[in-house]
Structures are given as C-alpha cells and as structure tokens.
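The values are calculated or read from the model by the stated rules, or taken from the named source; none is laboratory data. These numbers come from a predicted model, not from an experiment. Cβ atoms come from the backbone with ideal geometry, glycine included; neighbour counts cover every protein chain shown.
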Amino acid sequence: MRLLLRQFQSPLVLILIFAGVVAGALQNWLEAAIIVAMVLGSTLLGYVQEHRASHAVERLRRRLTLKTLVRRAGRAQEIALDEVAPGDVVLLSAGAIVPADAVLSAATNLLVTEAALTGESFPVEKRPGEVASAASAAERLNCVFAGSSVRSGAGEARWSSPPAVTPSSG
C-alpha cells in the first residue's frame, strides 16, 4: 500500500492532479477525465514496475548471501556469514571470506589478504601458534580477521568471545 501511495509523490503526478482539479472546477469534464485517467495509468504502471523490481532485488539478495563453511557438532555445513556463532570452527580455503576474528588451530600454506585492515599490500602467511598478548594486529600471525579473504592454502580457525584482537590503547 505504501508503494502505491509513493507513486503520488512524483512532481509530475502532483501537477497532473492539480490540473485535473482545475479542469473539474472549470467544469471541463472531458479534460478532467482524461487527466485523471493519465494519473491513474501512470501511478498503476509505476506501482507494477516498482513492485516487480523490488521482488527481483529480494530474490537476487537471497541468492547472493555470502556463505562460509563451518564445523558444528562434528559436521561441516555451509551457513550465511552472519550466522557464525562463538565456538564454530571456520573452515578456510582459497577464496573464502573470513566471517569473524578467529584464532587458527590448523593451517597449510595459508595466505590471507588483509590489506584493508593492516595496510599490507601482499598476502600474509598465517599459522597456528602463540603470540604475545601485546602484539599488534599485523603481528598476530595466528589470527584471521573478519572481512579479510583467503588467497591460497587452507586452515581452520575457532571464533571465540571475546574477539581474537582487542584495540590497542596507543
């Protein structure tokens, strides 16, 4: 209903409505009827087109939901990125987007692109292990970060709360 009412907010439609009112006030019924028919035709056509477009966008959005592979309850399953929960083991492979900050438990030749986070233009090799708690994000080679992407290799990372990296105070 809101979509139909929005069709009447167009300046052209408002001008035509005004013209129809003026024609009716001057008792030019034929002109008033023609203008009303034009307004109704225009708004109905606009409504149908916008309704179809919004449904097409919604179908496309559902198709394009970013997904990731996780292990839950001992079995691998593909889920939407926003459904990843603490405790999930994220299975990483080339082309995967890292859904959350996580600590690596296994890695084989794992290269991750994290230029948006650290400014490093080349992929960074990631491997499991211990890192000092005061280490910067760039020094945390045992962590993968949300939004970064796997360039090559494979790995497993566990997302836990709190996040793997805390902001530095400096």
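Figure legend. Inter-residue proximity from region 41-57: first residues assigned by TED's automatic domain parsing to the domain that holds Leu14, second residues surrounded by 14 or more Cβ atoms within 10 Å (Cβ to Cβ) and not aliphatic (A, V, I, L, M), beta-carbon distance below 6 Å, spacing 6+ or different chains. Indicated pairs: Thr43/Gln7; Gly46/Gln7; Tyr47/Gln7. In region 62-74 there is at least one residue that is under 14 Å from Gly155 (Cβ atoms), over 21 Å from the mean Cα position of the chain (by Cα) and among the basic types (Lys, Arg). Of the residues making up region 48-73, those that are touching a helix residue (DSSP H, G or I) at 6+ places or on another chain (Cβ under 9 Å) and either at pLDDT below 90 or exposed (fewer than 10 other Cβ atoms within 10 Å of the Cβ) (or both) number 4. Taking Leu4 as the residue in question, decide whether it is in contact (Cβ under 8 Å) with a residue 40 or more places away in the chain, in a helix (DSSP H, G or I) and either surrounded by 10 or more Cβ atoms within 10 Å (Cβ to Cβ) or outside the structural domain of Ala102 (by TED's automatic domain parsing) (or both). It is true that Leu4 is in contact (Cβ under 8 Å) with a residue 40 or more places away in the chain, in a helix (DSSP H, G or I) and either surrounded by 10 or more Cβ atoms within 10 Å (Cβ to Cβ) or outside the structural domain of Ala102 (by TED's automatic domain parsing) (or both). Residues of region 103-117 that are within 13 Å of Ser149 (Cα to Cα) and either at pLDDT 85 or above or not aliphatic (A, V, I, L, M) (or both): Leu110, Leu111, Val112, Thr113, Glu114.
Do the conditions hold for Val124, that is, is it of a type in the set (Val, Ile, Thr) and either under 16 Å from Glu156 (Cβ atoms) or in contact (Cβ under 8 Å) with a residue 40 or more places away in the chain (or both)?
Considered against the rule, which asks whether it is of a type in the set (Val, Ile, Thr) and either under 16 Å from Glu156 (Cβ atoms) or in contact (Cβ under 8 Å) with a residue 40 or more places away in the chain (or both), Val124 comes out as no.
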